1. When the convex hull of the Cα atoms of the range 232-326 is projected onto a plane and the area is averaged over all directions, what value comes out in nm²?
2. Based on the Cα gyration tensor of the range 22-122, what are the three equivalent ellipsoid semi-axes, each the root of five times an eigenvalue, rounded to whole Å and given largest first?
3. If you take the beta carbon distance between residue 79 and residue 153 as r and set R0 to 35 Å, what does 1/(1 + (r/R0)^6) give as a FRET efficiency, to the nearest 0.05?
4. Could you give the nm distance between label points at residue 60 and residue 230, where each point is 7 Å from its Cα heading toward the beta carbon?
5. Taking R0 as 30 Å, what FRET efficiency do you get between residue 401 and residue 301 from their Cβ-Cβ distance, rounded to the nearest 0.05?
6. Between residue 391 and residue 278, what is the spin-label point distance in nm, taking each point 7 Å from the Cα along the Cα→C-beta axis?
7. Taking the Cα centroid of the range 49-128 and of the range 132-207, what is the distance between the two, rounded to the nearest whole Å?
8. Can you tell me the equivalent ellipsoid semi-axes for the range 41-197? Use √(5λ) from the Cα gyration tensor, largest first, whole Å.
Amino acid sequence: MFVFSSLTQLARSQSLYTPRDVKEAYKKGTRSPDGRPGPNYWQNKGHYEISVTAAPPDRTIRGFEKITYINNSPDTLIALDYRLIGNIHKPGAYRLGNTDSDYLTAGVHIYSYTENGEAKKLKPQDHDGTWKFIRLNQPLGPHDSVRLDITWHYTISLKSGREGMIDSTTYYLAYFYPRVAVYDDYNGWDHMDFTDEQEFYNDFNDYILHVTVPANYIVWATGDLKNPEAVLNPSCIKKLAASMKNDAITRIASPEETRTGKVTTQNTLNTWTWIASDITDVTAALSNHFAWDASSVVVDDATGRRASVQSAYNDTAKDFHRMVEFGKHSLDWLSHNWPGIPYPFPKTTIVQGYADMEYPMMVNDNTTDDPLFSRFVVEHEIAHTWFPFYMGINESRYAFMDEGWATTLNTSSASPIWEKKKPMTSTRTSGSTTIPSIPTQKKTSPSLLPPTRCAASAMATTPMANLPWPISR
Ligand SMILES: [Zn+2]
């Protein structure tokens with residue numbers, strides 16, 4: 001009895017500190033110490049129907065959205081917290097890093113806001129930061145919903161990072177629509193400033209996304225394309241449908257075919273419609289000269305479900321000619337090995353840009369002149385599908401969780417790359433850098449760190465500044 005009691009006390013004295021907000025969540029029954037949702041767990045949710053128009057080289061993006069926001073919490077909300085991430089481009093916005101004039105814009109302009117059909121005049125200071133509280137006309141009670149209609153516009157930035165102008169007729173739209181921030185059971189409203197460092201913390205929402213572009217522009221976006229017959233010519237529809245049923249990699253559209261009107265419907269404007277459910281974000285890319293490849297891979301052996309893998313790129317980017325192959329390997333490996341959970345979405349599209357950044361069902365990656373390095377980076381971004389997107393991690397506060405897991409999964413899925421290249425040479429950095437092969441590191445390297453950062457021999461011979469480890473998000 002005494003021994004048992006002493007051991008219990010010892011175990012208690014050695015337990016990890018539990019933050020007050022987490023203790024409170026246990027008390028309320030919304031969370032459980034074993035990690036499962038508590039009996040009183042809840043999440044709020046939004047249904048978004050977003051319509052945006054882009055007409056390059058005009059850099060103005062115009063949007064209109066209808067949001068139905070559902071309060072599943074037991075609390076009455078007197079205001080809604082909005083995320084206006086595009087205001088990160090405004091001069092004077094809080095940013096963790098330096099930027100230059102090509103990044104700066106006037107931010108997001110909201111020019112109409114309606115709450116349950118009642119128009120409300122917003123003052124400039126109501127939407128000048130990356131988040132803002134707007135008081136509701138009527139408090140939103142538990143299990144009630146509010147309908148919001150918002151129109152806005154912004155100028156896409158010349159400097160392309162996670163989003164922006166890839167070239168004068170190729171745009172990447174991300175963080176592009178006003179959204180209701182997360183109200184959760186342990187922190188309440190998420191009102192951390194977006195400083196260009198954090199990435200995601202969003203509700204699992206449902207989306208209908210309409211993107212209107214001129215003829216001869218192709219749009220790639222999160223979700224299933226719901227109206228291919230309205231925007232694509234019959235031969236492209238046929239090729240795209242076939243690519244979702246077999247392993248062959250098919251070119252859906254070449255730049256020349258798009259330019260000569262053989263790909264898209266020849267209306268003045270085409271509206272592409274995408275649908276995605278229970279997902280934390282949507283993004284879109286559009287171009288009038290990117291090549292488009294597609295294939296698919298079985299991600300769930302039990303049901304035979306295939307996921308589509310597509311890529312959109314400048315035809316001169318040699319590594320992107322293999323990007324669908326790399327994406328297929330990633331979905332296959334991650335679905336069948338580790339985490340061993342079938343890829344939870346119907347597709348992924350890898351777009352050539354400048355971000356090295358993941359989005360739900362979308363990747364925005366640089367081109368490099370080393371295809372194996374490009375493969376390594378895209379596998380990292382696709383690994384983020386599970387962490388944070390599938391898990392819904394609050395990445396704004398706990399970025400180590402999604403970067404840690406994605407890096408671990410990525411290091412495992414990419415190990416054949418390292419095995420094959422002993423040593424591997426990257427030309428991404430100035431000069432070439434030798435990466436020691438992984439097998440010599442296995443016994444001593446913590447799994448969360450890249451081997452080049454752990455081995456004494458590597459540290460001695462490889463200047464940190466030249467390490468070719470992906471500077472990916
Ligand atoms: Zn990452």
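Throughout, read-outs are computed from the coordinates displayed, never taken from laboratory work. From a predicted model like this one, the values you see are computed outputs, not experimental measurements. For neighbour counting, all protein chains shown are included, and Cβ atoms are generated from backbone atoms with ideal geometry for every residue, glycine included.
1. Projected area, direction-averaged: 7.4 nm².
2. They are 35, 21, 13 Å, listed largest first.
3. 0.90
4. 2.4
5. 0.60
6. Placing both labels 7 Å along Cα→Cβ, they lie 1.9 nm apart.
7. 7
8. For the range 41-197, the semi-axes come out at 29, 17, 14 Å.
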